[in-house]
Amino acid sequence: MRTSPPNPYLSDATGAGPAEDVGTAWDGDNSGWWDWYMSLADSGPDTSPLVEPEAHDPGPLPTDDEVVAELGRAYPVTDEMIDAFAQDGFVRLPGVLSPGAAEVLRRRLARLLGEGGEGEGLRSREMMWREDPLVCAAVLSPRVGGICSDLLGARDLRLYHDSALCKEPGTGRTPWHYDAHHFPLDSTDVISTWMPLQPVPSAMGPLTFARGMQAYKLVADVAFDKHGTSYDRRVAETFRDAGVEVVEEPFAAGDVSFHSTLCFHTAGANRTTRQRMVLGSTYYADGASIIDHPTMVSGDWRLFVPDTSPGERAASENNPVLAPPV
Ligand SMILES: O=C(O)CCC(=O)C(=O)O
Ligand SMILES: [Fe+2]
């Protein structure tokens, strides 16, 4: 197993960089958390008309059982993919899902999120795997879990949480961040999947990465700003000044990206007329504990790791170990 650096927040309750007090726990729900968090993005008002995305035909839709079978099969992870993840901090892999399976999951997430969405915003919902067998099969999928295991070089992975990330038409950017700032885990053997459930052209706001597993060090001193957009802006400026490559590429149907908890990322605005529906999930190598001082940036983490106090091992009933692919 590869050894990774400790979570830089292990002994630091102040959040990203010095100065800003985020040391209190978040006392709202996760949807309120996202509203607050998205308000920290440095995107000016965009009044250009929303564009119709290109028509997409996912073909005949598989049954739920066929989707589950597909998600049970191993994905051939190559050494090149493992090396790319280790060096870049992320990798986007084609054909993790069939377009039909993506569409079936998109419809299921839309149903779970409920109607609405006339407004703007990033609508999220977590813990869907506990209520829906299909989402459960996707989130605890041997196929996705096998990829994550190979990329992290860790055998037993536990689920931290699942998350529907539905960016409504007209919603602005997601601020620059790395997930180590969000997850209250004392480990950097933590990986997140970003599984779009329809193609994501540039205009829809694909997940966008700062290339380089070490890029986070360049912005370690940028003070987090819980009230405004200065953190997002200064991270972008620092990467620009340092010549860090920002990888913003469209996702085809079935592409899934995998990013390390140390990988800095953002996402563009959704300037299309269609919801950007994504199933995100986060996994960590078994053995990690909750940090001593989780902050408000960790949102409602007690929902994801119940009955566990700061300092204790994160191994609750909501954090099952993934089964290997057959
Ligand atoms: O979907 C987004 O806009 C952001 C997602 C994200 O930050 C993540 O998956 O870690
Ligand atoms: Fe993230």
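The values are calculated or read from the model by the stated rules, or taken from the named source; none is laboratory data. This structure is a prediction, so every number in the text was calculated from the model and none was measured. Cβ sites come from the backbone with ideal geometry, for glycine too, and all protein chains shown count toward neighbours. Please note that ligands, DNA and RNA were not included when accessible areas were found on the heavy atoms of the full protein model with its side chains. Shrake-Rupley method; radii C 1.70, N 1.55, O 1.52, S 1.80 Å.
Just one of PHE224, PHE239, PHE251 is away from ligand 1 (no atom under 14 Å from the Cβ), buried (at least 20 other Cβ atoms within 10 Å of the Cβ) and at pLDDT 95 or above; which is it? So that I can check it myself, show each step before the final result.
Numbers: PHE224 fails: at pLDDT 95 or above; PHE251 fails: away from ligand 1 (no atom under 14 Å from the Cβ).
One residue alone meets the criteria, PHE239.
Quick grid of which residues meet (1) among the small types (Gly, Ala, Ser); (2) open to solvent by less than 10 Å² (accessible area, probe 1.4 Å); (3) near ligand 1 (Cβ under 10 Å from one of its atoms):
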position	(1), (2), (3)
GLU168	no, yes, no
SER187	yes, no, no
VAL190	no, yes, no
TYR216	no, no, no
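Out of (1) within 16 Å of ligand 2 (Cβ to nearest atom); (2) within 23 Å of LEU152 (Cα to Cα), what's the single condition that is false for ALA314?
(1)
Restrict the check to the stretch 195-209 and report whether at least one residue is within 14 Å of ligand 2 (Cβ to nearest atom) and either under 27 Å from HIS293 (Cβ atoms) or at pLDDT below 95 (or both).
For the stretch 195-209, residues within 14 Å of ligand 2 (Cβ to nearest atom) and either under 27 Å from HIS293 (Cβ atoms) or at pLDDT below 95 (or both): absent.
Please go through the stretch 266-307 and pick out each residue that is part of a loop (DSSP other than H, G, I, E, B), open to solvent by 10 Å² or more (accessible area, probe 1.4 Å) and touching a strand residue (DSSP E or B) at 6+ places or on another chain (Cβ under 9 Å).
Residues satisfying the conditions are GLY268, ALA269, ARG271, THR273, GLN275, ASP286, GLY287, ILE291, ASP300.
Just to be sure before I move on: is SER163 outside any helix (DSSP H, G or I) and buried (at least 17 other Cβ atoms within 10 Å of the Cβ) in the structure I sent?
Numbers: outside any helix (DSSP H, G or I): yes; buried (at least 17 other Cβ atoms within 10 Å of the Cβ): yes.
Yes.
Any residue at all in the stretch 41-61 that's at pLDDT 75 or above, in a loop (DSSP other than H, G, I, E, B), under 23 Å from THR261 (Cβ atoms) and not acidic (Asp, Glu)?
Among the residues of the stretch 41-61, at least one is at pLDDT 75 or above, in a loop (DSSP other than H, G, I, E, B), under 23 Å from THR261 (Cβ atoms) and not acidic (Asp, Glu), which makes the answer yes.
Would you confirm whether any residue within the stretch 96-114 is in contact with a strand residue (DSSP E or B) (Cβ under 7 Å, 6 or more places away or on another chain), of a type in the set (A, V, I, L, M) and assigned to a loop (DSSP other than H, G, I, E, B)? Full working, then the answer.
Restricting attention to the stretch 96-114, the residues satisfying the condition of being in contact with a strand residue (DSSP E or B) (Cβ under 7 Å, 6 or more places away or on another chain) are 96-97, 105, 109, 112-113.
Imposing the further condition that a residue be of a type in the set (A, V, I, L, M) reduces the set to 96-97, 105, 109, 112-113.
Those still in the list that are assigned to a loop (DSSP other than H, G, I, E, B) too: 96-97.
Yes: the stretch 96-114 contains one or more residues that are in contact with a strand residue (DSSP E or B) (Cβ under 7 Å, 6 or more places away or on another chain), of a type in the set (A, V, I, L, M) and assigned to a loop (DSSP other than H, G, I, E, B).
May I ask you to say which residue of ASP156, ASP150, ASP179 is surrounded by fewer than 22 Cβ atoms within 10 Å (Cβ to Cβ), in contact (Cβ under 8 Å) with a residue 40 or more places away in the chain, within 20 Å of PHE258 (Cβ to Cβ) and within 16 Å of ligand 2 (Cβ to nearest atom)? If you could, list the steps in order and put the result at the bottom.
Working: ASP156 fails: within 16 Å of ligand 2 (Cβ to nearest atom); ASP150 fails: within 16 Å of ligand 2 (Cβ to nearest atom).
Criteria check complete, one pass: ASP179.
Within the bounds of the stretch 140-154, is there any residue that is closer than 18 Å to ARG73 by Cβ and touching a Gly at 6+ places or on another chain (Cβ under 6 Å)? Lay out the reasoning, then the answer.
Taking the stretch 140-154 and keeping what is closer than 18 Å to ARG73 by Cβ, we get 140-151.
Pick out the ones that are also touching a Gly at 6+ places or on another chain (Cβ under 6 Å) and you get 142.
Checking the stretch 140-154: at least one residue is closer than 18 Å to ARG73 by Cβ and touching a Gly at 6+ places or on another chain (Cβ under 6 Å).
Hey, does the stretch 77-86 have a residue that's among the charged types (D, E, K, R), open to solvent by less than 50 Å² (accessible area, probe 1.4 Å) and part of a helix (DSSP H, G or I)? Before the answer, list the steps.
To start, the set of residues in the stretch 77-86 that are among the charged types (D, E, K, R) comprises 79-80, 83.
Narrowing further to those that are open to solvent by less than 50 Å² (accessible area, probe 1.4 Å): none.
No; the residues of the stretch 77-86 include none that is among the charged types (D, E, K, R), open to solvent by less than 50 Å² (accessible area, probe 1.4 Å) and part of a helix (DSSP H, G or I).
Might you let me know whether the stretch 192-204 holds any residue that is without any contact (Cβ under 8 Å) to a residue 40 or more places away in the chain, over 23 Å from VAL67 (Cβ atoms), open to solvent by 30 Å² or more (accessible area, probe 1.4 Å) and polar (S, T, N, Q)?
Checked the stretch 192-204: no residue is without any contact (Cβ under 8 Å) to a residue 40 or more places away in the chain, over 23 Å from VAL67 (Cβ atoms), open to solvent by 30 Å² or more (accessible area, probe 1.4 Å) and polar (S, T, N, Q).
Among the residues of the stretch 273-285, write down those that are closer than 24 Å to ARG233 by Cα and either aromatic (Phe, Trp, Tyr) or more than 8 Å from ligand 1 (Cβ to nearest atom) (or both). It would help to see each step written out before you state the result.
Start the filter on the stretch 273-285 by keeping residues that are closer than 24 Å to ARG233 by Cα, which leaves 276.
Once the filter is applied, which keeps residues that are closer than 24 Å to ARG233 by Cα and either aromatic (Phe, Trp, Tyr) or more than 8 Å from ligand 1 (Cβ to nearest atom) (or both), the stretch 273-285 yields nothing.
Filter the stretch 47-70 down to residues that are among the small types (Gly, Ala, Ser) and loosely packed, with under 10 Cβ neighbours inside 10 Å and give me whichever is nearest to VAL200 (Cα to Cα). Lay out the reasoning, then the answer.
To start, the set of residues in the stretch 47-70 that are among the small types (Gly, Ala, Ser) comprises 48, 55, 59, 69.
This time we only want the ones that are loosely packed, with under 10 Cβ neighbours inside 10 Å, so: 48, 55.
Numbers: SER48: 19, ALA55: 12 Å.
Out of the qualifying residues, it is ALA55.
Can you tell me which residue in the stretch 227-236 is nearest to PRO175 (Cα to Cα), limited to those that are assigned to a loop (DSSP other than H, G, I, E, B) and open to solvent by 30 Å² or more (accessible area, probe 1.4 Å)?
Step one: list which residues in the stretch 227-236 are assigned to a loop (DSSP other than H, G, I, E, B), which gives 227-229.
Subsequent filtering for residues that are open to solvent by 30 Å² or more (accessible area, probe 1.4 Å) retains 227, 229.
Details: HIS227: 13, THR229: 8 Å.
Within the stretch 227-236, the match that is nearest to PRO175 (Cα to Cα) is THR229.
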